[in-house]
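Throughout, read-outs are computed from the coordinates displayed, never taken from laboratory work. Note that the structure is a prediction, hence the values are computed from the model and not measured. Cβ sites come from the backbone with ideal geometry, for glycine too, and all protein chains shown count toward neighbours.
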Amino acid sequence: MSLRQRKEIQELLRKERLSNNKNISDMSLSRETQKKLQEAIEKMTLNFVTAEETKVTDFHVHVNGENNELTITDDDNSTLARVHIIDWDGAEDEESAEKELRSLLTKMHEKGSFDNMNIAKPYSFILSDDDDQDIVDLLIVDDDTLILSEDLLEGFDEEMNEFLKKLLEE
């Protein structure tokens, strides 16, 4: 693949990401709703703090815009948490809540909300659709893994392309 083709593909992906972000940025959660979500997730984590045996699972986050509900399930499809979110009235799909959920989970992780859970690492919070198909990892919890946000990597492609261009010219 030529450098020109690679740049065209990167530009298309960037435009797609920007169009997706327009939908995401239209949705914001009130402080009350953020607190409600956080409390539901913290209540769910208590089940894993008191667990006698280490569990191996991921957490699948389902957003249902039709009934304004967020549900968290485990790998066995057992419901771990369910919360009604008024702020999501009219949300078109799961992806429109991605930014808000990622932000909330990251803040909770940084605060240590998941530190005492008796779950084998790595585990993740995954945004899933109604058919249980994974859309995106919202948060990966692992002692040895650092997840970089898109904001941090913004512009990285352009910088890398410039670096390669200069390197190849020499």
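By the beta-carbon count within 10 Å of each Cβ, the least crowded to most crowded order of THR106, THR79, THR73, fewest first, is THR79, THR106, THR73. Beyond 28 Å between alpha-carbons counts as too far, so tell me which of LYS43/LYS99; LYS107/LYS166; LYS35/LYS121 fall in that bin. Beyond 28 Å between Cα atoms: LYS107/LYS166.
Is any residue of region 60-86 close enough, with backbone N under 19 Å, to a label point placed 7 angstrom from the Cα of ASP137 along the Cα-Cβ axis, and if so, which? Only 60-62, 73-76 fall inside the zone, counting backbone N under 19 Å. Between GLU66 and GLU42, how high is the FRET efficiency from 1/(1 + (r/R0)^6) when r is the Cβ-Cβ distance and R₀ = 25 Å? Nearest 0.05. The calculated FRET efficiency here is 0.45. For ALA40, neighbours were defined as the other residues whose beta-carbon sits under 12 Å from its Cβ, and their charges (Lys and Arg +1, Asp and Glu -1) total +1.
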